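One structure is given here, and the rest of the page talks about it.
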Amino acid sequence: MPEISAQVEIPNRALFKAAEVCDILKVQPYVLRSWEAEFPKLGIAKAAGAPRVYRRKDVEQVARIRHLLLVEGLTLAGVRRKLDEDTAPVGADAPAIDELIGRNARERLTAVKRGLRSILDLLSSDGGGFRLAPPPASTRARPMPVTRTKTVRGKAAAPRHGSTRSTHARRKRSA
């Protein structure tokens, strides 16, 4: 059996067929399909009825799943939890974020918040002199134009084409 923990060399391409993924990661197609059923975010279909196509990100994810299952000995449920933990967003109060945005970022944000609240108070007060303008008059609905029908001797004219009378009946009547 080949070394499980060896790093996998993924070609520098955007899309891979399922058979190519199986060759790269040394897994059987039924295994890949079962992992796809367990992890629905894997793979994308190009069109209805088309074969399943994998993005490079998906191939990396399958390699991670394979490593967690075969090397670390996790179950599918354990792999799912581990992947959820790895992709979970970092908490808002994490020290790494504070370090990235600067030491006085909280003070600056507090000052901006106070300024926005004062603008809100100014706009919501009755004595501020600010009023919302009415909508422009051009937004009102216009009446539909009336269409007139052509009349012949006080009666509505029959349509020229598509009449129910045949040409023979018209000739016979006019003679």
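Just grab the label-to-label distance for Ser124 and Ile44, each label 7 Å out from Cα along the Cβ direction, in nm (one decimal). Here the modelled spin labels are 4.4 nm apart.
Peptide packing for 53-64, 72-83 was compared via the average number of neighbouring C-beta atoms within 10 Å per residue; ordered from the highest value, the list is 53-64, 72-83. The 3J(HN,Hα) values that the Karplus relation (6.51, -1.76, 1.60; θ = phi - 60°) gives for the stretch 23-33 are, in residue order, 5, 5, 9, 6, 10, 6, x, 5, 5, 4, 5 Hz. Gly and Pro appear as x. The distance between label points at Thr75 and Val31 comes to 2.0 nm (points 7 Å beyond Cα on the Cα→Cβ vector).
Want the number for Ala14 to Leu109: 0.36 nm per residue separation, take away the alpha-carbon distance, what's left? Provide the component values of the computation, followed by the final result.
Values: separation 95, 0.36 × 95 = 34.20 nm, distance 4.06 nm.
Taking 0.36 nm per residue and subtracting the Cα distance, the gain is 30.1 nm.
Every read-out reported here was derived from the displayed coordinates using simple, explicitly stated rules and does not represent laboratory data. Keep in mind the model is a prediction, meaning the values are calculated, not measured. Cβ coordinates were reconstructed from backbone atoms using ideal geometry, including for glycine residues, and neighbour counts include every protein chain displayed.
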